[in-house]
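None of the figures in this text is laboratory data; all of them are computed from the coordinates on show. The structure presented is a predicted model; accordingly, all values stated were derived computationally and were not measured. Cβ sites come from the backbone with ideal geometry, for glycine too, and all protein chains shown count toward neighbours.
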Ligand SMILES: [Zn+2]
């Protein structure tokens with residue numbers, strides 16, 4: 001169990017990492033850690049997460065009321081509190097605006113395709129929560145249905161939240177979400193995606209508990225999480241432009257006219 005002063009240093013360090021990697025800009029993002037059953041240690045509002053000192057952090061109770069600290073509490077604290085209340089296994093939360101993953105969130109796209117085995121194993125998929133105004137109950141209501149099952153969630157037109165048993169795991173999940181978003185984007189640029197089959201995905205989801213421990217939330221595969229290549233091995237998706245599609249339809253129609 002980390003002491004309060006160790007957790008203060010850890011949060012400052014994670015703030016530097018997310019800032020250095022370009023996962024936040026300006027005053028974006030926030031980081032928190034559970035101190036005990038009554039108190040959460042959190043980054044304050046209006047400060048660069050790359051330039052914090054340990055005594056910039058604030059301590060709040062589980063209603064979001066400040067207990068100590070000379071700075072103001074972030075307006076996004078309710079999101080952190082929701083996660084701590086619903087997930088007793090979680091002791092740290094990281095929220096950031098990583099550009100590629102947030103691009104998906106702003107395009108209305110979840111990162112839910114079975115493209116990379118380790119990502120399926122780690123996350124199942126990374127769902128997209130509907131938009132909610134930051135700092136309001138709308139935002140927490142949008143996240144609430146997803147928090148029990150997933151450890152990383154895209155927030156529509158906003159950013160990403162990840163969480164875990166400790167700060168390192170919560171931070172590494174943020175890094176992996178952005179990395180996977182970049183890989184997904186490359187497959188989109190290539191115009192091809194070879195998705196893992198449903199059977200391959202089922203094997204990965206079944207292996208989660210043995211990799212990550214008995215408390216790992218079970219993820220049941222659905223039609224949208226993750227999207228697989230179907231039953232018969234890997235399948236490829238590819239894209240054509242409208243002109244190419246029209247040409248293919250015209251060609252098919254010419255052939256069928258020629259045969260009749
Ligand atoms: Zn935010």
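Extension gain, residue 222 to residue 85: 0.36 nm times the residue separation minus the Cα-Cα distance gives 46.7 nm.
Treating r as the C-beta distance of residue 106 and residue 258 and R0 as 41 Å, the FRET efficiency rounds to 0.30. Need the full-extension length gain, residue 45 to residue 121, defined as separation in residues times 0.36 nm minus the C-alpha distance. One decimal, nm. Length gained, residue 45 through residue 121: 23.9 nm. Just so you know, the Cα atoms of the chain work out to an Rg and Dmax of 21.2, 82 Å. Measuring from centroid to centroid over Cα atoms, what is the spacing of the stretch 1-35 and the stretch 116-184 in Å? Cα centroid of the stretch 1-35 versus Cα centroid of the stretch 116-184: 17 Å apart.
With the gyration tensor restricted to C-alpha atoms of the stretch 150-260, the semi-axes of the equivalent ellipsoid amount to 39, 19, 10 Å, longest first.
How fast does the stretch 1-155 diffuse by Stokes-Einstein, in µm²/s, taking the Kirkwood radius from C-alpha pairs at 4 °C and 1.567 mPa s? Translational D for this selection: 81 µm²/s. For the stretch 4-190, the relative contact order comes to 20 percent (Cα pairs under 8 Å, sequence separation of at least 6). Distance between the pseudo-spin-label points of residue 248 and residue 2 (7 Å out from Cα toward the beta carbon): 5.0 nm.
Its DSSP H runs of at least 4 residues, each contributing -39,500 (n - 2.57), put the calculated 222 nm mean residue ellipticity of the chain at -13000 deg cm²/dmol, to the nearest 500. Full extension of the segment from residue 202 to residue 187, taken as 0.36 nm per residue of separation minus the current Cα-Cα distance, would add 3.1 nm.
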